[in-house]
1. Let me spell it out: the conditions are (1) of a type in the set (Ser, Thr, Tyr); (2) over 19 Å from the mean Cα position of the chain (by Cα); (3) closer than 17 Å to residue 32 by Cβ, and residue 91 meets all of them except one. Which number is the exception?
2. From the set of residues in region 204-258 that are touching a residue at least 60 places away in the same chain (Cβ under 8 Å) and among the acidic types (Asp, Glu), which is nearest to the ligand (Cβ to nearest atom)?
3. Checking the conditions here, which among 282, 245 is surrounded by fewer than 24 Cβ atoms within 10 Å (Cβ to Cβ) and closer than 18 Å to residue 182 by Cβ?
4. Pick out the one residue from 110, 122, 142, 148 that is assigned to a helix (DSSP H, G or I), on the phi < 0 side of the Ramachandran plot, modelled with pLDDT of 95 or more and touching a Leu at 6+ places or on another chain (Cβ under 8 Å).
5. Does region 122-142 hold any residues that are touching a strand residue (DSSP E or B) at 6+ places or on another chain (Cβ under 9 Å) and either closer than 30 Å to residue 19 by Cβ or not hydrophobic (A, V, I, L, M, F, W, C) (or both), and which are they?
6. Surrounded by fewer than 23 Cβ atoms within 10 Å (Cβ to Cβ) and more than 13 Å from the ligand (Cβ to nearest atom): is that true of residue 191 in this structure?
7. Could you identify the single residue in 190, 184 that is touching a Lys or Arg at 6+ places or on another chain (Cβ under 6 Å) and either within 28 Å of residue 170 (Cβ to Cβ) or among the aromatic types (Phe, Trp, Tyr) (or both)?
8. If you check residue 181 against the conditions, is it near the ligand (Cβ under 9 Å from one of its atoms), free of Cβ contacts under 8 Å to residues at least 60 places away in the same chain and in contact with a helix residue (DSSP H, G or I) (Cβ under 9 Å, 6 or more places away or on another chain)?
Amino acid sequence: PLMFFGTTNLDLCFNVERLPTPGESLMGSLKQNAGGKGANQAVAAARLGLRPSFYTRLGDDDAGRSLLQALREAGVRLDAIEVCPGEISGSALVLVGDDGSNMIVIDPGANANVTPSMVEKAAEFIERDAIVVAEMGMPVPALNHLFALKSVKEFDLIFNPAPVRAGLSPAAWRSVDFVTPNQTEAFELTGVEVHDFDGAAHAAGKLLDLGPKAALITLGAQGAYYADASATFALRAFPVKVVDTTAAGDAFNGAFAASLAHRLPIREAIKKALAVAALCVTRRGAQRSMPSSWAVDEFLNS
Ligand code: ADP
């Protein structure tokens with residue numbers, strides 16, 4: 001069993017030749033995509049054939065209805081999701097230039113209003129021996145509460161610290177089984193610059209000092225670095241033609257969690273996550289870029 005906690009956003013993506021300067025108006029083409037880190041991760045796992053539960057808050061609006069529909073179509077279980085009258089769904093304005101550079105503005109909407117007691121209620125959907133995945137878009141008091149539930153419920157906790165914010169308690173850090181930052185987040189958490197696997201090894205040591213049992217740092221096109229108390233190793237990314245790196249980290253986390261839920265050994269789970277994330281960057285969009293298990297098997301066997 002597998003459960004995700006996190007944000008859902010409607011991404012308003014404008015493709016533009018170049019990013020605008022202040023005061024400037026440009027022409028672009030708009031595409032609306034279902035996004036939000038929590039939702040992207042849950043969809044990545046669902047595409048691999050699992051039926052993960054997901055806790056998120058949506059507004060009672062058109063965006064919320066289309067976001068819910070995207071989750072349903074992907075095969076995510078909707079029972080824990082709250083649709084909130086009088087609130088607006090989270091949204092993101094994303095500008096992407098032809099050179100791949102971007103500018104993003106997020107209105108978290110209903111995502112910003114998650115309280116510890118809401119998390120407590122949603123946690124009823126965590127099944128025995130589940131893998132639970134959280135990201136940092138949820139308010140920090142709610143995260144502290146979720147992590148504290150590990151003392152009364154048995155589950156393995158994957159924490160994607162994105163976007164990094166202050167306030168996670170020392171006890172919460174110690175309840176994390178796998179912390180999964182990208183290079184920027186690893187730097188923000190440790191002060192160690194992660195340019196390569198050597199830097200990742202250094203940062204991973206500092207991450208373990210915070211309390212989690214294992215650190216798994218993603219390094220974009222380079223791959224991923226793993227460290228726990230008894231083992232460290234690096235795995236290279238699969239070389240692919242990049243089209244859009246949106247949600248690469250979410251694909252990685254969703255697939256890593258799904259693989260652990262399938263009881264794959266850690267190294268195998270990371271390899272699968274690297275394959276899913278590689279396929280994700282060959283496609284445009286967030287949730288729509290998550291590959292099916294069929295596509296992943298074909299990629300790994302080719
Ligand atoms: P985030 O998307 O959170 O910034 P990363 O950039 O580290 O995270 O990417 C996450 C994972 O996505 C990487 O570990 C890798 O597996 C995959 N990935 C990202 N960019 C590429 C790329 N150019 N080629 C192949 N895989 C990639």
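1. Residue 91 satisfies every listed condition except (2).
2. Of everything passing the filter in region 204-258, 250 is nearest to the ligand (Cβ to nearest atom).
3. Details: 282 fails: closer than 18 Å to residue 182 by Cβ.
One residue alone meets the criteria, 245.
4. Values: 122 fails: touching a Leu at 6+ places or on another chain (Cβ under 8 Å); 142 fails: touching a Leu at 6+ places or on another chain (Cβ under 8 Å); 148 fails: touching a Leu at 6+ places or on another chain (Cβ under 8 Å).
Answer to the selection: 110.
5. Scanning region 122-142 gives 127, 128, 129, 135, 136, 137, 138.
6. On the way: surrounded by fewer than 23 Cβ atoms within 10 Å (Cβ to Cβ): yes; more than 13 Å from the ligand (Cβ to nearest atom): yes.
Yes, satisfied.
7. On the way: 184 fails: touching a Lys or Arg at 6+ places or on another chain (Cβ under 6 Å).
The conditions single out 190.
8. Working: near the ligand (Cβ under 9 Å from one of its atoms): yes; free of Cβ contacts under 8 Å to residues at least 60 places away in the same chain: yes; in contact with a helix residue (DSSP H, G or I) (Cβ under 9 Å, 6 or more places away or on another chain): yes.
So residue 181 fits the description; yes.
The values are calculated or read from the model by the stated rules, or taken from the named source; none is laboratory data. The structure presented is a predicted model; accordingly, all values stated were derived computationally and were not measured. Methodologically, a virtual Cβ is constructed for each residue, glycine included, from the backbone with ideal geometry; neighbour enumeration extends over all protein chains shown.
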